[in-house]
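Beneath this line is the structure, given in structure tokens, with notes to follow.
The values are calculated or read from the model by the stated rules, or taken from the named source; none is laboratory data. Bear in mind the structure is a predicted one, so any value in this text is a computation, not a measurement. Using ideal geometry, Cβ is built from the backbone for each residue, glycine included, and neighbour counts are taken over all protein chains shown. Note: accessible area is taken over every heavy atom of the protein model, side chains too, but ligands, DNA and RNA are not part of it. Shrake-Rupley method; radii C 1.70, N 1.55, O 1.52, S 1.80 Å.
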Amino acid sequence: MKVGLFFGSFNPIHIGHLIIANVMQDSTDLDEVWFVVSPQNPFKQRKALLHEFDRLRMVELAIEGNYHFRAMDVEFHMPKPSYTVDTLTYLKDKHPQHDFKLIIGGDNLTHFHKWKNSDQILEQYGLYVYPRPGESVDYDHPNVKHVEAPLIDISATFIRKSIEEGKSVTYLLPPLVEDYIKGKKFFV
């Protein structure tokens, strides 16, 4: 089985994430997309993140009923900060029958060479890249697949700020995720 790994803080997961994951699964040779919730992205500050279990729960709520999607907490049990290459190695050891591909946005491709062991990731796993607004990256490599997808300019930062300001986030979040955030009084 070919599995696309969609890493992220998902703070919170929003419809942009879901649209990209759906396009990746539906328009490529990926059988499934696994949402890998990162407890701490090495490039992001910890203080801005909700607890990892709350972010995992929101992913589970967002993908409920879609048998092509899975929520993964694999990085919760690994040293922090977590590095993509270590997670890929761990997952390949646990699931040798799967062919893993990394799903990233064009904005991440620009800085991909700065990632830990980026050459190893590229050679052993490969990248499925979706476009991002304002990014025009032409990275020619046999293990980089550019996937046509809608340009979605929704950010978790915008959603958090909107909630903090008492504005509506309806249509930006799956309803179950919006209810979970309201129930927990997150970002207010």
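Would you mind checking the pairs K80/K116; K80/K167; K2/K94; K161/K182; K80/K145 and listing those with alpha carbons more than 23 angstrom apart? With Cα atoms farther than 23 Å apart: K80/K167; K80/K145. Taking the average, over residues, of other Cβ atoms within 10 Å as the packing measure, peptides 118-128, 159-169 rank 118-128, 159-169 from highest down.
Could you tell me which of rounded, prolate or oblate describes segment 53-164, using a ≥ b ≥ c as the square roots of the eigenvalues of the alpha-carbon gyration tensor, with rounded for a/c under 1.5 and, failing that, prolate when a/b is larger than b/c and oblate otherwise? In terms of gyration-tensor shape, oblate. Modelled this way, with points 7 Å down the Cα-to-C-beta line, the labels at S168 and L151 are 2.7 nm from one another. Short-range pairs are left out: with C-alpha atoms under 8 Å and at least six residues apart, the relative contact order of segment 1-134 is 28 percent. For the pair T110 and I19, what calculated FRET efficiency results from E = 1/(1 + (r/R0)^6), where r is the Cβ-Cβ distance and R0 = 22 Å, to the nearest 0.05? E between I19 and T110, to the nearest 0.05, is 0.55.
At 0.36 nm per residue, minus the direct Cα-Cα distance, what do E135 and D29 gain on full extension? Give it in nm, one decimal, please. Before the final figure, lay out the partial values.
Numbers: separation 106, 0.36 × 106 = 38.16 nm, distance 2.43 nm.
Answer, rounded to one decimal: 35.7 nm.
Of the residues L49, L91, ranked by 1.4 Å probe accessible area with the largest first, the sequence reads L49, L91. Applying the criteria of a DSSP loop state and at most 16 other Cβ atoms within 10 Å to the trypsin sites (Lys or Arg not before Pro) of segment 49-137 yields K116. Mean-square fluctuation check for the chain, GNM, Cα pairs under 10 Å: which of N117, N11, N66 is largest? Its mean-square fluctuation being the largest, the pick is N66. Label zone (A48, point 7 Å along Cα-to-C-beta; backbone nitrogen cut-off 12 Å) within segment 155-188: 155-161. In the set (1) -0.31, -0.56, -1.18, -1.48; (2) -0.40, -0.67, -1.13, -1.33; (3) -0.48, -0.77, -1.20, -1.33, which value of log10 I(q)/I(0) by the Debye sum over Cα atoms at q = 0.09, 0.12, 0.17, 0.19 Å⁻¹ was calculated from the structure you see? Evaluating log10 I(q)/I(0) by the Debye sum over Cα atoms at q = 0.09, 0.12, 0.17, 0.19 Å⁻¹ on these atoms matches (1).
Rounded to a whole number, what % of the accessible area of the chain do carbon and sulfur atoms account for, probe 1.4 Å?
Here it works out to 50 percent.
With the helix formula -39500 (n - 2.57) applied to DSSP H stretches of n ≥ 4, the chain reaches a computed 222 nm mean residue ellipticity of -10500 deg cm²/dmol. With contacts taken as Cα pairs under 8 Å and at least 6 residues apart, segment 61-188 reaches a relative contact order of 19 percent. GNM on the chain, alpha-carbon springs under 10 angstrom: the most fluctuating residue among Y83, Y130, Y171 is Y171. Taking every protein chain into account, the 1.4 Å probe leaves T28 with about 30 Å² of accessible area, to the nearest ten.
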